[in-house]
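First comes the structure, then the notes that go with it.
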Amino acid sequence: MARPLSLAEALKALAASEPEARDHPPLSVLVAYQEGRLPEEEAETVREHLVACDECSEQVLDLAAFEEASPPLGDHPLSEGDVAAAWEKLKKRLPDGPPPARVLSFARLPRYVLPLAACLALSVTAAVWWVAHSREVARRNPDSLYLALDQSGTRGPEGSVTRSASRALDIYAQGIEPYITRVRIEIRRDLDGRVVKSGKEQKRVGDTVKLYTVPAKELEPGAYRVVIYGDDQEDPLDTFGLILN
Amino acid sequence: MPKFEEVFAEYFQRVFYFFRRKGFSHQDAEDLTQETFLRVFEHVEGVHNPPALRTWVFTVMTNVWRNRLRDQGAQKRAHTEVALDGQDEVSPAVDRAVSLPPEQEEQVLEGERREQLRLAMAELAPRMRRCVRLRLEKGHKYKEIAVILGIKIDTVKAQLHQAKAILKEKLGEYFDIPDDLGD
């Protein structure tokens, strides 16, 4: 027999012969796991993945350190003066006014633009009002869930959404480009990727479409991925995490 | 919705420490933190509740980090991380950076030893097996294992201590079982 081999080396060699960990959980699921909000079955699946996946385990460690807010070993904690100085420095680089500071300068526009804009504004006012009104009504309704798509690639808030499984949920998508004529939705179990519900666009108002109604108690509590597709494409437009408690 | 200045005050240190932990110099960490908050500023009005804001700041921060690594042409995360704590140093034998070349993997884990190792690991309770893999295969410290598995650090130590005895009995004639596994 060859020389005694270190157990650590042997385990690394064994792991190297196994298939690479895939199907990384979305950040929303890792956050829920790190905060202890995942049902135990889901948490076990995440744990098993973390043991094999350096990338995701590092992300969980980063999340924990981010929550802890303590300086790394060997660093002095930042003082209030440090934070104030950094704020002053940042302020100089910020655009004036409240965020988001996207101010249109009319003075620099050609003269025909304002009348044209006025006509356009009149023609779309009704539609805009209707969209705003619909959204406002829906926002007041706790059973409506809006998923804001960002197809430019610069995602906004990660879709970590927690909802009660005992209440029906209307799922809407915002930010659907007008050239996308058909939209469909799949709700997949995060545990194994199995599609448990799917639906198609039911009603479009501007860039907002109603995608699906999750009937009360039809989905068990747990972690899901809401995947939104456009025009029968194979690649999703966007994916969101959905935690049902 | 919180004011941007409040968001900055809440998260500035966490973001700065994140970049320091990733091995950036004080000056680079400060620059990357500024860049993170400039990007946060662009969309801060779209975030309406504190948990979403926390996750989002984290997302922006990690994107800034990855972009910097990409810009530097780093294919791997080459920066040396600063330890979460210095309580339990990892021995060279479990240095996570070490990986064997493929031909050596074949040589060292052939036949019976491979099967014995696989069996012994499979027979360990799931929690114990995970602790052993994270400790020996990945080279994590006790505290890191506790965070990754969501258990107490004392539980990690106890699991590794028990695992050491079990593995010594089952694999002692095939492998060197390191002393720092669970002591």
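The values are calculated or read from the model by the stated rules, or taken from the named source; none is laboratory data. All figures in this text were calculated on a predicted structure; none of them were measured in a lab. Note: ideal-geometry Cβ built from the backbone for every residue, glycine included; neighbour counts use all protein chains shown. The accessibility values were calculated without ligands, DNA or RNA, using every heavy atom of the protein model including side chains. Shrake-Rupley method; radii C 1.70, N 1.55, O 1.52, S 1.80 Å.
Within region B:133-158, which residues are closer than 24 Å to residue A:38 by Cα, part of a helix (DSSP H, G or I) and open to solvent by less than 30 Å² (accessible area, probe 1.4 Å)?
In the first step, residues of region B:133-158 are kept if they are closer than 24 Å to residue A:38 by Cα; the result is B:133-134, B:140, B:142-156.
If we keep only those that are part of a helix (DSSP H, G or I) too, we end up with B:133-134, B:142-149, B:153-156.
B:134, B:142, B:144, B:145, B:146, B:148, B:149, B:156 - these are the residues of region B:133-158 that are closer than 24 Å to residue A:38 by Cα, part of a helix (DSSP H, G or I) and open to solvent by less than 30 Å² (accessible area, probe 1.4 Å).
Looking only at residues that are of a type in the set (A, V, I, L, M) and within 23 Å of residue A:59 (Cβ to Cβ) in region B:1-32, which one is farthest from the chain's Cα centre (by Cα)?
Only one residue tops the list, namely B:7.
Within region A:74-97, how many residues turn out to be surrounded by 13 or more Cβ atoms within 10 Å (Cβ to Cβ) and not aromatic (Phe, Trp, Tyr)?
Looking only at that region, the number is 9.
Among the residues of region A:15-51, what is the count of those that are in contact with a helix residue (DSSP H, G or I) (Cβ under 7 Å, 6 or more places away or on another chain), open to solvent by 30 Å² or more (accessible area, probe 1.4 Å) and not in a loop (DSSP other than H, G, I, E, B)?
Qualifying residue count for the region: 3.
Would you mind stating whether residue A:50 is within 17 Å of residue B:132 (Cβ to Cβ) and touching a strand residue (DSSP E or B) at 6+ places or on another chain (Cβ under 7 Å)?
Values: within 17 Å of residue B:132 (Cβ to Cβ): yes; touching a strand residue (DSSP E or B) at 6+ places or on another chain (Cβ under 7 Å): no.
The answer is no for residue A:50.
I'd like to verify a number: residues in region B:108-120 that are free of Cβ contacts under 8 Å to residues at least 12 places away in the same chain and at the interface with chain A (Cβ under 8 Å from one of its Cβ atoms), how many?
4
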